[in-house]
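Contents: one structure, followed by commentary.
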Amino acid sequence: MDTETADVIGHDVTTITCVCGNTVSKDGLIQANSEGVPVFIGESSPAPAELAEWPADGELYTLCPSCGRVYRDSVIEETGTAPVAFRVDVATDPMAEAIRVHWNLST
Ligand SMILES: [Zn+2]
């Protein structure tokens, strides 16, 4: 199977147009860890149980909450392309709950 690739402009992960058509300004994209779990961005700690801690190695991924495709930020920044790294199931818990918590915190 060919690797799916999202459109991205200028090595900037915030410009991703997901394979499903989602963008930051549409349904939004979420910073995630290497398992696709949304990371906690707030200053206070610890992170809510549903969310992942900020990766100690700084290796971030970008989760599309619409379809569950996940992109690796470092690949985008280095190559200017956005191949789908893996895909998670955003419709079922705990991922669905983590996404809800993420949006609750960021609004
Ligand atoms: Zn998507």
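The values are calculated or read from the model by the stated rules, or taken from the named source; none is laboratory data. Remember, predicted model here, so these are calculated numbers, not experimental data. Each accessible area value is taken on the protein alone, full model and side chains, heavy atoms only, with ligands, DNA and RNA left out. Shrake-Rupley method; radii C 1.70, N 1.55, O 1.52, S 1.80 Å.
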Please work out the average accessible area per residue across the stretch 23-71, using the 1.4 Å probe convention, and give it in Å². 49 Å²
For Ala52, the residues 5 or more places away or on another chain with a placed amide H closer than 5 Å to its own amide H are Val39, Phe40
Enumerate the calculated ³J(HN,Hα) couplings along the stretch 48-58 in order (Karplus 6.51 cos²θ - 1.76 cosθ + 1.60, θ = phi - 60°), each rounded to whole Hz, writing x wherever the residue is Gly or Pro. x, 4, 6, 9, 8, 5, 4, x, 4, 8, x
Residues whose built amide H sits under 5 Å from the amide H of Phe86, excluding neighbours closer than 5 in sequence, are Val70
Please list the non-local residues whose amide H lies under 5 Å from the amide H of Thr15, H modeled 1.01 Å from N, same-chain partners needing a gap of 5 or more. Ile9
With bins of 5 Å, the percent of all Cα-Cα pairs of the stretch 5-105 per bin from 0 is 2, 15, 25, 26, 18, 10, 3, 0
Under the Karplus curve 6.51 cos²θ - 1.76 cosθ + 1.60, θ = phi - 60°, whole-Hz ³J(HN,Hα) for the stretch 84-98, x wherever Gly or Pro sits: 5, 6, 6, 9, 10, 8, 7, 8, 10, 5, x, 5, 4, 5, 4
A correct Karplus calculation of ³J(HN,Hα) over the stretch 19-32, with 6.51 cos²θ - 1.76 cosθ + 1.60, θ = phi - 60°, whole Hz and x for Gly and Pro, returns 3, 7, x, 6, 9, 4, 7, 8, 8, x, 10, 10, 5, 9
